[in-house]
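Peer 1: Take this structure first; my questions come after.
The values are calculated or read from the model by the stated rules, or taken from the named source; none is laboratory data. Because the structure is a prediction, the values reported are computed rather than measured. Cβ sites come from the backbone with ideal geometry, for glycine too, and all protein chains shown count toward neighbours. Each accessible area value is taken on the protein alone, full model and side chains, heavy atoms only, with ligands, DNA and RNA left out. Shrake-Rupley method; radii C 1.70, N 1.55, O 1.52, S 1.80 Å.
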Amino acid sequence: MSEAFRLDGKVVVLTGAGGIIGSVVVKTLLEAGARVLALDRDDAILARLGAAHDSLMLQAADVADPASLRAAHARLVARWGEADALLNNAATKTDNFFEPFETFPLADWNHIMGVNLTGAMLSAQVFGSPMALRGSGSIVNTLSIYGIVGPDQGIYEGSEYLGRKINTPAIYSASKAGLWGLTKYLATYWGHRGVRVNAVTPGGVYSGQNDTFVRNYSRKVPLGRMASEQDMAHAMQYLCSEASRYVTGHNLVVDGGWTAW
C-alpha cells in the first residue's frame, strides 16, 4: 500500500518553490522519487533550495506572466517531457500587505490577486492543458483557512512577525477563496479528461511569529499547536500520488481542527 504514495518517475511542477512551505515540499517530493521543476520569481530565492541535479530543475518564473511560464514549460518539455502534476503554491505580499481594509491600495490588491489567483489559472493553462490532452494528471492548489472561514481578528492583538504587527488582509482571503472556486471548476471541467484537481488548505504554519501570536493562535486549535511545513508537504504528496487516484474537487484541510469548532 505504501507504494501508492510514491512518485517515482513522476514529473512535478511546483510554483512558489522557494517559500516557507515550498522549500519543504521540494525536499519531500524528491524523497518520494519525483523529478521536480521548482519555480519561483528569481534566482536568489531558488538558490535557497541548493544546486540543481538530475531530479531537480530550478527556473526563475513569474506566474503572473504567461510568457515566463511558457518559457519554463518549454525547458521542462525539452528535458523531461510534460508534467504529471502541478502544485500551485505561489503567493505574494506587498509593502502595504497589512494596511487596513479601509485604506488598502487598489494597485496592491490587483498585484496580489494577479499572483495568488490569476497566476494559478495561467499555470493551469500552461502545464495543465497538456495533461488534459494526454488524459491524466493532478493539479493541487494551496489555499488557506482564511479562504474558507473569516479570520478571528482577536488573535492579532499584540501579534508580530519579524518585528512587524500583522493581520490577515481581505485580499488574502478573497484570492484564496477564488482559488477554491477555480479548483472546483477545473475538477469538473477536466475530470472526464483524467485530470484530478484538488486543494490543500493549510492552517497557520509557524515561521517566526512572536510568542503572543503563537499562544493566541494555538488556543483556537483543537490539537493545540501551529502547523509545520512538513504537515502540508505530506498532504500535497498524497494528492499528487496514485493513493488519491479517486479524489478530485476535494479540499484537504490541514489545520489541526481550527475549522471544526
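Peer 1: Go ahead and estimate [θ] at 222 nm for the chain from helices alone: -39,500 (n - 2.57) per DSSP H run with n ≥ 4, summed, over the residue count, rounded to 500.
Peer 2: -10000 deg cm²/dmol
Peer 1: Report the net charge of residues surrounding Ser159, where surrounding means a beta-carbon distance below 12 angstrom and charges are Lys +1, Arg +1, Asp -1, Glu -1.
Peer 2: -1
Peer 1: Show me the chymotrypsin sites (Phe, Trp or Tyr not before Pro) within region 194-249 that DSSP assigns to loop and that have at most 11 other Cβ atoms within 10 Å of their Cβ.
Peer 2: Listed in order of number, the matching sites are Tyr246.
Peer 1: Over what distance in Å are the Cα centres of region 232-261 and region 51-79 separated?
Peer 2: So the separation of the two Cα centres works out to 26 Å.
Peer 1: Considering only the other residues whose Cβ falls under 15 Å of the Cβ of Leu182, what net charge follows from Lys and Arg at +1 and Asp and Glu at -1?
Peer 2: That works out to +3.
Peer 1: Taking a probe of 1.4 Å, how large is the accessible area per residue of region 12-96, in Å²?
Peer 2: Computed with neighbouring chains in place, this is 41 Å² per residue.
Peer 1: Leaving out ligands, DNA and RNA, what percent of the accessible area of the chain is carbon and sulfur, probe 1.4 Å? The partial results should precede the final answer.
Peer 2: Values: 6450 of 11950 Å².
Percent of accessible area from carbon and sulfur atoms in the chain: 54.
Peer 1: Residues in region 105-132, backbone N under 15 Å from the label point at Asp95 (7 Å along the Cα-to-beta-carbon vector): list them, ranges by number please.
Peer 2: 105-109
Peer 1: Over the chain, calculate the relative contact order: mean separation of alpha carbon pairs under 8 Å at least 6 apart, over the residue count, as a percent.
Peer 2: Values: 496 pairs, mean separation 52.0, N = 261.
With pairs under 8 Å counted, the relative contact order is 20 percent.
Peer 1: Distance in nm between label sites at Glu160 and Arg193, each 7 Å beyond Cα in the beta-carbon direction?
Peer 2: A separation of 5.0 nm, rounded to one decimal place.
Peer 1: Stretched out fully, how many nm does the piece from Val149 to Ala71 gain, at 0.36 nm a residue minus the Cα gap?
Peer 2: Between Val149 and Ala71, full extension yields 24.4 nm more.
Peer 1: Remind me, what semi-axes does region 15-56 give for its equivalent ellipsoid, largest first in whole Å, using sqrt of 5 times each Cα gyration tensor eigenvalue?
Peer 2: One finds semi-axes of 16, 11, 8 Å for region 15-56.
Peer 1: Principal axis extents for region 107-229, Cα atoms only, whole Å, descending order, please.
Peer 2: Sorted from largest, the Cα extents of region 107-229 read 51, 37, 21 Å.
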